[in-house]
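As structure tokens, the structure follows; a few thoughts come after it.
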Amino acid sequence: IPCGIFSFNTNLTVNNAKFENILTFTNPMGPAPQYWNGCAILQRSSNAPYAFGILPYEGISQNVTFQNCNTGIGLIRSHAKIYDIGFKEVRVGIFGFDMRFCSVNIGNNVIELARLAGITLNFVDFVNNISLNNNRISVLSSSQSNLGINVSAFAPNNTVNSSIFMDKNRIEVLNGQAGIFLRNLQKAQVIENRVTRHALTINIPWFNINY
């Protein structure tokens, strides 16, 4: 299955869906192709941001899950509201690129056993606002390049008018990793997050790994 959903210049909401074993998509357009290779949902806007959302529908849980995908959700210059969904054994749970003028709200998600990163937002220069709250993330690999949450801008002055807020995220990583990595941000607020680093034999209530 090359790609679950590819949405271009479209306002998209997804409910009641399951994405599994999506590993072979190669996107010829745009930057960072390694993240779009095997992307379950790819939402892309060419100019002004379009909106993407996974939200409860009329009070009913949206029941959206991702398992064994390269990237669960990929965003290129798109607004996003992503709440209450599950990712398991993905390379990257949520990856955003070129988020200028976007509003990004990601909360109450569970990303288990990610192989590279839980949430990565790159080139957030001139983003309107980012809110990451109450997400539960575990990252499997012990590589030093792997991260729980990564939010990065190209230049620090480019986020001077942006609101970037992270609170109550719970992150579990193996030795050699960073739980939260921030680069070139102004006014970022990181409040009441918990990061736990483990040795290569770990026993956590919501996942168990032995090497």
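Listed values, structure above:
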| read-out | value |
| --- | --- |
| Odd one out for residue 154 among (1) part of a loop (DSSP other than H, G, I, E, B); (2) surrounded by 23 or more Cβ atoms within 10 Å (Cβ to Cβ); (3) not charged (D, E, K, R) | (2) |
| Residue that is modelled with the lowest pLDDT, among those in region 21-51 that are among the small types (Gly, Ala, Ser), out of contact with any His (no Cβ under 7 Å at 6 or more places or on another chain) and open to solvent by less than 50 Å² (accessible area, probe 1.4 Å) | 30 |
| Filter result (open to solvent by 60 Å² or more (accessible area, probe 1.4 Å), farther than 22 Å from residue 123 by Cβ and either assigned to a strand (DSSP E or B) or small (Gly, Ala, Ser) (or both)) within region 159-185 | 170 |
| Test: residue in region 138-147 that is of a type outside the set (D, E, K, R) and either modelled with pLDDT of 95 or more or in contact with a helix residue (DSSP H, G or I) (Cβ under 8 Å, 6 or more places away or on another chain) (or both) | no |
| Subset tally (residues that are in a loop (DSSP other than H, G, I, E, B) and either open to solvent by 90 Å² or more (accessible area, probe 1.4 Å) or modelled with pLDDT under 90 (or both)) for region 4-13 | 2 |
| Long-range neighbours under 8 Å by Cβ, at least six apart or interchain, first residue within 18 Å of residue 131 (Cβ to Cβ) and touching a residue at least 40 places away in the same chain (Cβ under 8 Å) within region 176-192, second of a type outside the set (Asp, Glu) and loosely packed, with under 13 Cβ neighbours inside 10 Å | 185/156 |
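The values are calculated or read from the model by the stated rules, or taken from the named source; none is laboratory data. Every value quoted in this text rests on a predicted model; they were computed, and no experiment measured them. Ideal geometry is used to build each Cβ from the backbone, glycine not excepted, and the neighbour counts take in all protein chains shown. Ligands, DNA and RNA are excluded from the accessible area calculation, which covers all protein heavy atoms including side chains. Shrake-Rupley method; radii C 1.70, N 1.55, O 1.52, S 1.80 Å.
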